[in-house]
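The values are calculated or read from the model by the stated rules, or taken from the named source; none is laboratory data. What you see is a predicted model, and the numbers here were worked out from it, not measured in a lab. Heads up, the Cβs are rebuilt from the backbone with ideal geometry, glycines too, and the neighbour counts pull from every protein chain shown.
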């Protein structure tokens, strides 16, 4: 049981770390390109993190960074 909990804790920590890294990359882009389009953000994160995000995921990240509620609702 403890081994399963350790693995789950590690997975959770990795996801949190990855999320913070993505947010930092997004913030860095927005500091230099305040007028970046969603497509440019998707391409940038794909290049930097080798992960392809959807438009909705990018919108949610932008909402988190700006402390706004979910703009899709």
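Starting from region 22-39, take each residue that is in contact (Cβ under 8 Å) with a residue 24 or more places away in the chain and at negative phi and list its partners that are surrounded by 14 or more Cβ atoms within 10 Å (Cβ to Cβ) and not in a helix (DSSP H, G or I), counting only C-beta distances under 9 angstrom and pairs at least six apart or across chains.
Going by the 9 Å Cβ cut-off, the qualifying pairs are 22/53; 30/36.
When region 56-67 is examined, which residues are found to be touching a helix residue (DSSP H, G or I) at 6+ places or on another chain (Cβ under 8 Å) and either surrounded by fewer than 14 Cβ atoms within 10 Å (Cβ to Cβ) or modelled with pLDDT under 80 (or both)?
Within region 56-67, 64, 65 qualify.
Out of all the residues in region 37-55, which are in a loop (DSSP other than H, G, I, E, B) and surrounded by 15 or more Cβ atoms within 10 Å (Cβ to Cβ)?
Hit for region 37-55 is 53, nothing else.
Looking for something modelled with pLDDT of 85 or more and assigned to a loop (DSSP other than H, G, I, E, B) - is there at least one such residue anywhere in region 17-35? Give the steps one after another, and end with the answer.
Taking region 17-35 as the starting set, the residues that turn out to be modelled with pLDDT of 85 or more are 31-32, 35.
Next, from what is left, pick out any that are assigned to a loop (DSSP other than H, G, I, E, B): 35.
The answer is yes; a qualifying residue exists.
With 3, 13 as the choices, which residue is in a helix (DSSP H, G or I), exposed (fewer than 10 other Cβ atoms within 10 Å of the Cβ) and at pLDDT below 80? Give the steps one after another, and end with the answer.
Details: 13 fails: exposed (fewer than 10 other Cβ atoms within 10 Å of the Cβ).
Sole residue among the options that is in a helix (DSSP H, G or I), exposed (fewer than 10 other Cβ atoms within 10 Å of the Cβ) and at pLDDT below 80: 3.
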